[in-house]
Amino acid sequence: MGFEADAAVVRLHDIAIEQARQLLGLFDLELVLVPDGEAIPGSYWGECEAGLIGTRVHVRTDTPVHSLLHEACHLIVLPLEKRGAVHTDASDSVLEEDATCYLQLLLADRITGFGFARACADMDTWGYSFRLGSARAWFEQDADDARAFLHTRGLLDLPDPAEASAD
């Protein structure tokens with residue numbers, strides 16, 4: 001994936017960061033905000049891309065929301081017992097990567113000011129590549145394996161953050 005630091009995508013400073021923090025909390029993940037200008041620990045791609053260390057997702061305010069969701073979803077699709085050992089690279093298969101992309105698109109609607117359509121557009125802008133040429137086409141026409149993987153992990157019926165915060 002070739003990213004462009006100046007690409008016009010939705011970034012954390014464009015959304016309510018607390019909402020993203022609560023979303024990750026539903027999956028027992030912690031959002032760690034790194035000061036602007038500092039290197040992001042556990043970032044596979046460097047620059048402004050989110051990073052992973054254990055159950056923590058490290059970001060800056062210039063981190064793209066799709067990157068935050070993507071890295072968080074890598075942890076979400078892993079069995080709980082494997083999460084603590086993750087540092088920088090969480091995926092060990094194409095199927096896990098596909099499930100991660102699918103789940104990030106599902107979760108995009110949980111962030112006000114982002115959403116599914118924008119997530120697809122941002123993934124395309126950032127350089128994610130799919131056989132059908134776009135994130136939306138892949139999601140709608142070519143993601144059966146990803147859906148099946150998520151189903152086996154019990155991740156297709158996701159908790160509603162509004163209901164979780166009402167408890």
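Bear in mind that the values in this text are calculations on the coordinates, not laboratory data. Remember, predicted model here, so these are calculated numbers, not experimental data. Heads up, the Cβs are rebuilt from the backbone with ideal geometry, glycines too, and the neighbour counts pull from every protein chain shown.
Tabulated results
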quantity: Å³ per residue enclosed by the Cα convex hull of the range 12-151; calculated: 98 Å³
quantity: Long-range amide H partners of residue 31 with built H, under 5 Å; calculated: 57
quantity: Magnitude of the charge dipole, the chain, Cβ model with Lys/Arg +1 and Asp/Glu -1, debye to 20; calculated: 100 debye
quantity: Under 5 Å, built H, 5+ apart or other chain: amide partners of residue 52; calculated: 43, 44, 58, 88
quantity: Computed [θ] at 222 nm, helices only, for the chain once each DSSP H run of length n ≥ 4 contributes -39500 (n - 2.57); calculated: -13000 deg cm²/dmol
quantity: Likely footprinting exposure, 78, 156, 68, fewest C-beta neighbours within 10 Å first; calculated: 156, 78, 68
quantity: Estimated distance in nm for a label pair at residue 151 and residue 91, the labels positioned 7 Å out from Cα along Cα-to-Cβ; calculated: 2.2 nm
quantity: The chain: most fluctuating residue of 140, 97, 71 per GNM, C-alpha cutoff 10 Å; calculated: 140
